[in-house]
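S.K.: Just passing along the structure, written as structure tokens.
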Amino acid sequence: MSTQIAIPDITYNLLINEIIKYSVCTDPNLSLLESLKNLTKEELQDKRQAMKEMGISVGERIIGFIVKEHVWTKEHNSLMRFICKELWMYLFGRYIGRLQANNKGVYIMYDYKFHWFQGLDLSESIDRENFEKFCSLALSWVCGVLKGAFKGLGKESSIEAAVEENNSCRFTITLKLG
Amino acid sequence: MFLIIGKNDVPMYEASLGTVKKDIGHLNQFIIHAALDIVDEEAPLSSNMYLKTVDKFNDLYVSAYVTAANIRLMLVHDTKNEDGIKNFFIEVHENIVKAMTNPLFDVFRNFPTAFDAKVKQSAKKFLI
């Protein structure tokens, strides 16, 4: 159990991209870009939900591996700090950039080095709208992992994510109090 | 008698490990369930997962260990063996986390037979 192999997060990135491609390209004759363009709002929402559920499943199990060495904390602020440090370190090999809190159980996490969309962003053949569709699918998975992690610690949460300029991502987490 | 209790106080796993000399009907399950309230009280106060001996019934002790996901590992025993029991709980916890990596685990909510063998092995190592 104590042997931890560090996997560069490019592996998850590429794997998630393949999962999204598999999920979106239902017609083998259409390219990814065309399939993205053809997605209706409902279909996109369904796929995002599916990605989120995948993430929740992963998050629940990962938290079991991490928390073994540390103790669960009941206080929200220390819990959030734990997530920002340990979970991000476990998944991405670094700490998340910044954590903001308003004392009503809403937290915003900024990751300034979220490289997952760098390749896509630089591509000239994708327009903003479809770029955002793709990003929302990948980010749904990460939100799911966060949600699953909280679930594994016994907390209900709701998570949203948005991608911003220059490889940064913003995650908004609402924890149910108590 | 060793019980693993999950969400909503539902027992997920049960094993007789020879830690109690006389086994009178279902008395051991009853003792463990009675001790659950005490575990729920003490768990948030302790910063450790291992809660040591939480309850005593006649000459039987109940020890408990709570994981992050609020899964409770409870053991009824008649001899004190804090270190051995702690190591036993830690090994079982590791095996639970490993079992969780099985994608079918959620659906059936039953630990596979290999888990049973591992628990008995850990018990032999640490409890006797």
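S.K.: Could you tell me which of the residues A:73, A:40 is at pLDDT below 80 and β-branched (Val, Ile, Thr)?
M.R.: A:73
S.K.: Only one residue in A:85, A:52 is away from chain B (no Cβ under 14 Å) and at pLDDT 85 or above, so which one is that?
M.R.: That would be A:52, the only listed residue that is away from chain B (no Cβ under 14 Å) and at pLDDT 85 or above.
S.K.: Would you confirm, using the coordinates I've provided, whether residue A:42 is among the charged types (D, E, K, R), open to solvent by 50 Å² or more (accessible area, probe 1.4 Å) and not in a loop (DSSP other than H, G, I, E, B)?
M.R.: yes
S.K.: Quick one: which residue in A:83, A:96 is outside any helix (DSSP H, G or I) and either in contact (Cβ under 8 Å) with a residue 40 or more places away in the chain or under 13 Å from the mean Cα position of the chain (by Cα) (or both)?
M.R.: A:96
S.K.: Another question about this same structure. Kindly check whether there is at least one residue in the stretch A:13-28 that is among the β-branched types (Val, Ile, Thr) and exposed (fewer than 14 other Cβ atoms within 10 Å of the Cβ).
M.R.: Checking the stretch A:13-28: at least one residue is among the β-branched types (Val, Ile, Thr) and exposed (fewer than 14 other Cβ atoms within 10 Å of the Cβ).
S.K.: Still on this structure: Condition first: away from chain B (no Cβ under 14 Å) and assigned to a loop (DSSP other than H, G, I, E, B). Can you find one or more residues in the stretch A:140-156 that meet it?
M.R.: The answer is no; no qualifying residue exists.
S.K.: Tell me, yes or no, whether the stretch A:132-148 has at least one residue that is open to solvent by 20 Å² or more (accessible area, probe 1.4 Å), closer than 22 Å to residue A:15 by Cα, over 14 Å from the mean Cα position of the chain (by Cα) and not polar (S, T, N, Q).
M.R.: There is at least one residue in the stretch A:132-148 that is open to solvent by 20 Å² or more (accessible area, probe 1.4 Å), closer than 22 Å to residue A:15 by Cα, over 14 Å from the mean Cα position of the chain (by Cα) and not polar (S, T, N, Q).
S.K.: Quick check on the stretch B:8-15. Is at least one of its residues assigned to a loop (DSSP other than H, G, I, E, B) and either of a type outside the set (Val, Ile, Thr) or open to solvent by 20 Å² or more (accessible area, probe 1.4 Å) (or both)?
M.R.: Yes, because at least one residue in the stretch B:8-15 is assigned to a loop (DSSP other than H, G, I, E, B) and either of a type outside the set (Val, Ile, Thr) or open to solvent by 20 Å² or more (accessible area, probe 1.4 Å) (or both).
S.K.: Working only within the stretch B:99-128, note down all residues that are farther than 19 Å from residue B:20 by Cβ, of a type outside the set (A, V, I, L, M) and at pLDDT 85 or above.
M.R.: Hits for the stretch B:99-128 are B:115, B:118, B:121.
S.K.: Here's another thing I want to ask about it. When you go through B:43, B:35, B:64, B:15 one by one, which is the residue that is of a type in the set (Gly, Ala, Ser) and at pLDDT below 85? Lay out the reasoning, then the answer.
M.R.: Working: B:35 fails: at pLDDT below 85; B:64 fails: at pLDDT below 85; B:15 fails: at pLDDT below 85.
Residue meeting the stated conditions: B:43.
The values are calculated or read from the model by the stated rules, or taken from the named source; none is laboratory data. Note that the coordinates shown come from a computational prediction; the quantities given were computed from them, not determined experimentally. A quick note on method: Cβ atoms are made from the backbone with ideal geometry, for glycine too, and the neighbour counts reach across all protein chains shown. Just so you know, the surface numbers come from the protein's heavy atoms only, side chains and all, with ligands and any DNA or RNA stripped out. Shrake-Rupley method; radii C 1.70, N 1.55, O 1.52, S 1.80 Å.
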